[in-house]
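Since the structure comes first, as structure tokens, the remarks are kept for the end.
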Amino acid sequence: MNFDFSDDQKYLKEQARKFLSEQSSMAVVRTVLNDEQKSHDAGLWKAIADMGWLGAAIPEEFGGLGLGELELCVLAEEMGRSLAPVPWASTVYFFAEAIKIAGTDAQKTAILPKLAEGGVIGCVAASEGPGEPRATNLKTVFDGTSVTGMKVPVTDGDCATHALVLAKHQDGTSLVIVDLSGAGVEAKAIKTFDPTRSHATLTFTKAPAQLLGEAGDGEALLHRVYDRAAVLLAFEQIGGSQACLDMATDYAKGRYAFSRQIGSFQAIKHKLADMYVALEIARSNAFYGAWALSSDAPELPLAAAAARIAACDAYYLASKENIQTHGGMGFTWDVDCHLYYRRAKLLAVQAGAPSLWKEKLVRRLEMRNAA
Amino acid sequence: MDFNDTPEEAAFRQRAQAFLAAQVEPRAGQTESLQKRLSDKEYMLAAKAYQKAKAENGFAGITWPKEQGGLGLAPIFSVIFGQEEGKFDAPAGPFTIGLGMCVPTVIAFATDAQKERHVGPALRGEEIWCQLFSEPSAGSDVAGLKTKAVRDGDDWVINGQKVWTSGAHYSDWGIVLVRTNADKAKHKGLSMFFIDMKSPGIEVRPIHQMSGGSNFNEVYFTDVRVPNSQMLGGEGNGWSVALVTLMNERLAVGGSPGPDYKEIFEWAKTMPGQDGGTLAEDQSFRQKVADWFVRAEGYKLAKFRTMTALSKGQTPGPESSIGKIITANQLQDITHNAMESMDHFGIITDAAYAPSEGVFQQSHMWAAGLRIAGGTDEILKNIIAERILGLPGDVRVDKDVAFKDLPSGR
């Protein structure tokens with residue numbers, strides 16, 4: 001049994017933590033939080049590109065480091081812990097993974113090397129309103145060469161160079177790539193629950209677009225991309241949950257009430273123990289997702305769903321109870337609790353909310369049992 | 001990252017599988033368990049024969065030192081055997097506590113002559129051991145126990161009552177924690193003995209549980225004499241000896257205690273749902289199945305992580321405390337939902353009517369006890385908080401006070 005990351009991968013994680021504690025300190029996160037004009041921290045983005053992380057799981061022939069998905073998982077955990085205010089998830093988990101699994105050689109050659117250098121920022125433009133985007137409710141249309149419609153919200157839509165757009169096409173849906181510097185594209189920043197990550201509306205008017213993967217296969221392909229992203233997001237959520245648990249534990253040791261450390265009260269102990277248990281369940285499911293992702297196992301769809309559900313649960317619990325443990329201080333702008341509370345919510349609703357994933361999980365369980 | 005055994009582990013697993021296939025029946029496809037088919041007496045004989053076969057074939061005392069008749073192997077091999085044994089209906093239950101907790105304590109603290117006398121017979125299944133710690137007024141706070149032993153010549157005389165003792169009625173020997181000095185502080189006045197369960201003055205009475213069954217006992221001690229030579233670890237050191245016993249408890253437990261997501265989901269396909277379809281098609285039910293799956297898989301995978309640490313020669317920490325919190329609560333939740341989803345019919349336990357012969361109703365009763373046995377949810381959460389997260393202990397009012405002066409409620 002070797003159900004753990006290798007020593008090299010753990011070393012990479014340690015290095016990433018050290019690097020991010022300097023480059024993505026809370027002061028850096030707050031510059032994006034406090035400045036509505038600032039979509040992300042460009043300095044941090046460049047530093048991450050210089051480290052080669054953007055291309056960590058991109059093959060060397062396309063300009064990446066050619067490491068595996070497991071390396072990406074350990075980086076994701078540290079990015080989540082640091083709340084890095086950069087379009088990392090959009091670019092790496094969604095956009096790059098989509099190009100990797102469905103792109104033609106020409107598309108890979110055109111996009112991946114630039115992406116690995118930090119010159120391409122990707123985003124996913126699927127949502128148009130409340131609820132899961134489907135063929136039955138989409139209004140955005142792809143006509144074979146261009147796309148028309150409006151997408152809201154698009155995470156990182158105002159700083160992205162490229163978008164992956166889900167549009168109606170022929171009898172179904174297709175996923176198309178749009179160069180956002182081209183004609184017929186308008187991006188407008190919008191306010192969200194998590195201002196440390198930028199969001200926008202993207203309006204396309206006959207914007208030139210090229211098909212990714214098979215025509216009419218858009219939703220299925222997007223779900224395949226989501227399965228991969230779900231595992232990586234889960235590691236980000238675990239990193240954030242662990243940060244909340246660490247923060248709450250430290251505070252409970254240092255804060256006195258009724259002349260004793262509040263961490264000596266069972267009401268606080270049991271709260272933190274619950275956070276720990278949820279986190280262990282999330283971590284174990286995420287490990288399995290990592291194994292399935294890195295080994296291209298047929299278990300990936302089920303493992304990804306479990307990883308995502310457990311990670312959403314753990315981060316929600318950890319982020320809200322971290323505030324509760326801090327008491328009144330936890331409700332202030334200056335204490336960092338709210339930053340995790342915000343991020344936990346973004347990561348839970350991006351790429352499908354947990355209730356959708358629960359139904360996906362059960363359907364996949366039925367398929368596995370039928371097989 | 002993979003799920004493979006090392007070559008040495010794989011060879012051991014293969015040997016274990018061959019042994020088990022020859023000795024016991026697989027669980028899969030079984031309609032009635034061995035314990036249900038046999039009388040209590042027949043089951044005990046089968047259990048003793050099975051333990052003897054384990055000892056003869058090199059599967060008993062896997063982690064014990066070779067000089068005690070064990071195999072001297074790393075804990076991972078014990079886990080591997082347990083995984084394989086779990087697939088069979090092996091009558092191993094009567095030995096779990098004795099070989100898992102009591103005899104290791106004897107090995108750690110008894111004299112060579114005593115070990116010579118006791119370890120072999122226990123390993124070969126000839127003698128069964130039980131553990132006598134809990135008392136009516138000392139459960140989670142077991143160091144608050146009141147059963148006392150008073151020195152009389154070469155003997156000690158024990159008076160008091162123990163409770164929740166599994167297997168006391170069929171055990172030959174027991175380890176018993178008693179108070180030998182009430183003038184000292186709570187944890188400092190305790191001593192541990194091993195004792196012949198057939199000694200005059202020991203009376204075993206079954207506990208009538210809320211489930212209706214009787215799986216545990218009360219044990220009454222009335223002027224029971226035990227030689228001073230059977231004290232383990234010295235006078236006043238009972239608490240540190242007990243900690244050694246309890247440390248072994250954690251490796252001895254595990255596994256799913258009853259119906260899990262698989263069983264309820266399969267069953268739900270045969271039950272009516274709210275919208276004319278089956279229960280398995282109801283949205284609200286499906287959302288819960290997903291939650292149960294995530295927790296069951298999470299626990300299974302967490303054990304794989306523990307096995308990985310063991311396989312690399314590391315000692316697993318208190319992390320395994322999460323296991324029972326998850327499984328006991330999950331069992332209660334699943335069985336609760338199964339019963340509610342049957343509407344009024346869910347109240348029936350009569351096997352003639354109740355689906356799956358009332359397994360959900362039985363397990364729902366059992367789950368309430370499982371959340372308490374072997375460490376309550378609350379105590380396990382304290383362990384997580386204090387030993388893993390490093391939070392401070394609770395403020396203590398019993399530390400520097402003589403035991404006899406402590407308030408005890410009733």
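Can you name every one of the helices (runs of 4 or more DSSP H) wholly within segment A:250-351 that holds 2 or more residues which are away from chain B (no Cβ under 13 Å)?
Passing ranges, in order: A:300-326, A:337-349.
Open to solvent by 10 Å² or more (accessible area, probe 1.4 Å), closer than 25 Å to A:Cys312 by Cα and within 21 Å of the chain's Cα centre (by Cα), is that true of B:Lys300?
Criteria met by B:Lys300.
Could you please find all residues in segment B:188-203 being touching a Ser or Thr at 6+ places or on another chain (Cβ under 8 Å) and surrounded by fewer than 18 Cβ atoms within 10 Å (Cβ to Cβ)?
B:Gly201, B:Glu203
Can you find even one residue in segment A:2-19 that is surrounded by fewer than 20 Cβ atoms within 10 Å (Cβ to Cβ), small (Gly, Ala, Ser) and either within 18 Å of the chain's Cα centre (by Cα) or within 24 Å of A:Val335 (Cα to Cα) (or both)?
No, because not a single residue in segment A:2-19 is surrounded by fewer than 20 Cβ atoms within 10 Å (Cβ to Cβ), small (Gly, Ala, Ser) and either within 18 Å of the chain's Cα centre (by Cα) or within 24 Å of A:Val335 (Cα to Cα) (or both).
Would it be correct to say that B:Ser408 is more than 14 Å from chain A (Cβ to nearest Cβ), among the polar types (S, T, N, Q) and open to solvent by 70 Å² or more (accessible area, probe 1.4 Å)?
The answer is yes for B:Ser408.
Among the residues that make up segment B:50-69, is at least one of them surrounded by fewer than 17 Cβ atoms within 10 Å (Cβ to Cβ), under 15 Å from B:Pro94 (Cα atoms), out of contact with any strand residue (DSSP E or B) (no Cβ under 6 Å at 6 or more places or on another chain) and outside the structural domain of B:Asn215 (by TED's automatic domain parsing)?
Checked segment B:50-69: at least one residue is surrounded by fewer than 17 Cβ atoms within 10 Å (Cβ to Cβ), under 15 Å from B:Pro94 (Cα atoms), out of contact with any strand residue (DSSP E or B) (no Cβ under 6 Å at 6 or more places or on another chain) and outside the structural domain of B:Asn215 (by TED's automatic domain parsing).
Where in segment A:1-96 are the helices (runs of 4 or more DSSP H), entirely inside, with at least 3 residues that are under 21 Å from A:Asp296 (Cα atoms) and of a type outside the set (Lys, Arg)?
A:69-82
Exactly one of these conditions fails for B:Lys41: (1) free of Cβ contacts under 8 Å to residues at least 40 places away in the same chain; (2) open to solvent by 40 Å² or more (accessible area, probe 1.4 Å); (3) within 22 Å of B:Leu123 (Cβ to Cβ). Give me its number.
Going through the list (1) free of Cβ contacts under 8 Å to residues at least 40 places away in the same chain; (2) open to solvent by 40 Å² or more (accessible area, probe 1.4 Å); (3) within 22 Å of B:Leu123 (Cβ to Cβ), B:Lys41 breaks only (3).
Within segment B:125-132, does at least one residue satisfy the condition of being aliphatic (A, V, I, L, M) and either modelled with pLDDT of 95 or more or at positive phi (or both)?
Yes - at least one qualifying residue is present in segment B:125-132.
Take the conditions open to solvent by less than 60 Å² (accessible area, probe 1.4 Å) and within 13 Å of chain A (Cβ to nearest Cβ) and apply them to B:Gln330. Does it pass?
Here the answer is yes, as B:Gln330 does meet what is asked.
One line per residue, one yes/no per condition, for (1) surrounded by fewer than 18 Cβ atoms within 10 Å (Cβ to Cβ); (2) in contact with a Phe, Trp or Tyr (Cβ under 6 Å, 6 or more places away or on another chain); (3) more than 24 Å from A:Ile309 (Cβ to Cβ):
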| residue | (1), (2), (3) |
| --- | --- |
| B:Pro227 | yes, no, yes |
| B:Asp260 | no, no, no |
| B:Trp267 | no, no, no |
| B:Thr270 | yes, no, yes |
| B:Ala280 | no, no, no |
| B:Gln283 | yes, no, no |
| B:Ser311 | no, no, yes |
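Tell me which of these A:Glu214 doesn't satisfy, since it passes every other one: (1) open to solvent by 40 Å² or more (accessible area, probe 1.4 Å); (2) over 30 Å from A:Ala290 (Cα atoms); (3) away from chain B (no Cβ under 14 Å).
(2)
State which residue is nearest to the other protein chains (Cβ to nearest Cβ) when the search covers only segment A:20-60 and only residues that are open to solvent by 40 Å² or more (accessible area, probe 1.4 Å) and of a type in the set (Ser, Thr, Tyr).
That would be A:Ser21.
Among the residues of segment B:162-185, write down those that are in a helix (DSSP H, G or I) and open to solvent by less than 10 Å² (accessible area, probe 1.4 Å).
The answer is B:Ala168, and nothing else.
Can you pull out every residue in segment A:181-209 that is closer than 18 Å to A:Val141 by Cβ, surrounded by fewer than 24 Cβ atoms within 10 Å (Cβ to Cβ) and under 21 Å from the mean Cα position of the chain (by Cα)?
A:Thr201
Working only within segment A:139-152, note down all residues that are buried (at least 22 other Cβ atoms within 10 Å of the Cβ) and over 12 Å from A:Thr205 (Cα atoms).
Result: no residue meets the conditions.
Keeping to segment A:321-341, report how many residues are open to solvent by 10 Å² or more (accessible area, probe 1.4 Å) and out of contact with any helix residue (DSSP H, G or I) (no Cβ under 6 Å at 6 or more places or on another chain).
9
Go through (1) open to solvent by 30 Å² or more (accessible area, probe 1.4 Å); (2) facing chain A (nearest Cβ under 10 Å) and name the single condition B:Gly276 misses.
Every condition holds for B:Gly276 apart from (2).
Give B:Gly374, B:Gly393 a once-over and let me know the one that is part of a loop (DSSP other than H, G, I, E, B), closer than 20 Å to B:Lys303 by Cα and either in contact (Cβ under 8 Å) with a residue 40 or more places away in the chain or not assigned by TED's automatic domain parsing to the domain that holds B:Ser134 (or both).
None of the other options fit; the residue is B:Gly374.
Within segment B:313-322, can you find the residues that are more than 10 Å from every other protein chain (Cβ to nearest Cβ), in a helix (DSSP H, G or I) and either among the hydroxyl-bearing types (Ser, Thr, Tyr) or open to solvent by less than 20 Å² (accessible area, probe 1.4 Å) (or both)?
Selection gives B:Ser320 alone.
The values are calculated or read from the model by the stated rules, or taken from the named source; none is laboratory data. What you see is a predicted model, and the numbers here were worked out from it, not measured in a lab. Ideal geometry is used to build each Cβ from the backbone, glycine not excepted, and the neighbour counts take in all protein chains shown. Side chains included, ligands, DNA and RNA excluded: accessible areas come from the protein's heavy atoms. Shrake-Rupley method; radii C 1.70, N 1.55, O 1.52, S 1.80 Å.
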